[in-house]
Amino acid sequence: MAYEEELREIFGDEKECHRMMLPYRIAIETVKTKLETLDDEMKCTFEHSPIHNIKSRVKTPESIIEKLHRKNLEVSINGLRQLTDISGVRVICRYVDDIFYVAQLLLLHDDISLVRKTNYIQYPKENGYRSLHLIVNVPVYRKEGVQLVPVEIQIRTIAMDMWASLEHDLHYKATHEVSDNINQRLKKCAEDIAATDLEMQNIYRELNSKWKQE
Ligand code: 0O2
């Protein structure tokens with residue numbers, strides 16, 4: 001099937017596409033509201049805001065079709081329903097401890113169910129990538145009834161986000177295959193950043209316990 005045909009087959013015209021992607025946008029808003037609320041609560045209770053900022057995106061039709069091909073899935077609505085990262089939320093935390101705290105608090109919500117957790121912090125990817133990934137199902141209430149929508153939540157520190165953004169940018173901008181030497185240097189940057197993250201975490205813990213004692 002030609003690319004234009006595939007797009008039309010799954011997403012229809014612009015209006016149909018907008019309606020079809022609505023549950024994915026609602027699921028993102030639901031997760032963002034929960035995260036903002038828990039951050040607010042932490043601020044009020046502990047005078048510490050674990051979340052630095054939140055980004056989100058709904059995968060574009062083009063990128064959905066590219067992924068269906070890459071994953072060898074049927075290029076159809078059924079194939080699309082097997083993707084778990086159409087709704088994506090990225091949570092940027094201040095310290096490493098905050099990542100696990102935010103994840104733990106979010107998963108306490110009864111209406112959120114965990115589908116998959118991948119801990120790329122304890123087990124970084126071969127290239128040095130670090131983040132905590134959660135796939136959760138979120139109920140979206142519409143006039144047709146309730147629909148469970150998967151959302152991919154990536155939780156990482158400011159420092160991990162800096163590495164991931166630049167690494168993505170460098171690979172995207174590269175005009176030819178990136179050499180082993182460059183990959184090794186990028187991995188070393190990720191390791192240095194991870195060590196800095198831990199030291200910042202330790203400094204925070206030390207200062208915080210002192211402030212608490214005063
Ligand atoms: P976008 O636009 O950010 O969504 P997949 O890679 O999705 O086919 P899997 O195993 O489901 O397979 O995904 P994984 O590895 O858990 O995480 C996918 C997403 O995590 C990626 O989304 C990136 O956002 C991020 N990610 C994973 N590995 C790396 C990495 O090595 N470097 C960087 N910079 N980001 C990474 P997409 O689909 O690439 O794009």
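The values are calculated or read from the model by the stated rules, or taken from the named source; none is laboratory data. Since the model is a prediction, treat every value here as computed from it, not as a measurement. All Cβ positions, even for glycine, are placed from backbone atoms using ideal geometry, and neighbour counts span all protein chains on display. These area figures cover heavy atoms from the full protein model, side chains too; ligands, DNA and RNA do not enter into them. Shrake-Rupley method; radii C 1.70, N 1.55, O 1.52, S 1.80 Å.
For region 173-190, enumerate the residues that are more than 14 Å from the ligand (Cβ to nearest atom), in a helix (DSSP H, G or I) and open to solvent by less than 100 Å² (accessible area, probe 1.4 Å). The answer is Asn181, and nothing else. The residue that is farthest from Tyr123 (Cα to Cα), among those in region 174-198 that are under 22 Å from the mean Cα position of the chain (by Cα) and of a type in the set (D, E, K, R), is Asp197.
Taking region 62-101 as the range and being among the hydroxyl-bearing types (Ser, Thr, Tyr) and within 13 Å of the ligand (Cβ to nearest atom) as the test, the residues that pass are Ser63, Thr84, Ser87. Exactly one residue out of Leu114, Leu108, Leu148, Leu170 is within 16 Å of the chain's Cα centre (by Cα) and open to solvent by 70 Å² or more (accessible area, probe 1.4 Å): that is Leu114. Considering every residue within region 5-28, establish whether at least one is free of Cβ contacts under 8 Å to residues at least 60 places away in the same chain, surrounded by 13 or more Cβ atoms within 10 Å (Cβ to Cβ) and within 20 Å of Met160 (Cα to Cα). Within region 5-28 (the criterion being free of Cβ contacts under 8 Å to residues at least 60 places away in the same chain, surrounded by 13 or more Cβ atoms within 10 Å (Cβ to Cβ) and within 20 Å of Met160 (Cα to Cα)), the answer is no, since none of the residues qualifies. Would you tally the residues in region 29-59 being surrounded by fewer than 12 Cβ atoms within 10 Å (Cβ to Cβ), outside any helix (DSSP H, G or I) and either within 16 Å of the ligand (Cβ to nearest atom) or at pLDDT 95 or above (or both)? Qualifying residue count for the region: 1.
Of all the numbered requirements in (1) of a type in the set (Gly, Ala, Ser); (2) assigned to a helix (DSSP H, G or I); (3) farther than 30 Å from Ser209 by Cα, Gly88 misses one, and that requirement is (2).
Return yes when Glu126 is acidic (Asp, Glu), within 15 Å of the ligand (Cβ to nearest atom) and in a strand (DSSP E or B) and no when it is not. Taking the combined requirement at face value, the residue does not satisfy it.
One residue stands out in region 129-138 among those that are open to solvent by less than 30 Å² (accessible area, probe 1.4 Å) and out of contact with any helix residue (DSSP H, G or I) (no Cβ under 8 Å at 6 or more places or on another chain): the one that is nearest to the ligand (Cβ to nearest atom), namely His133.
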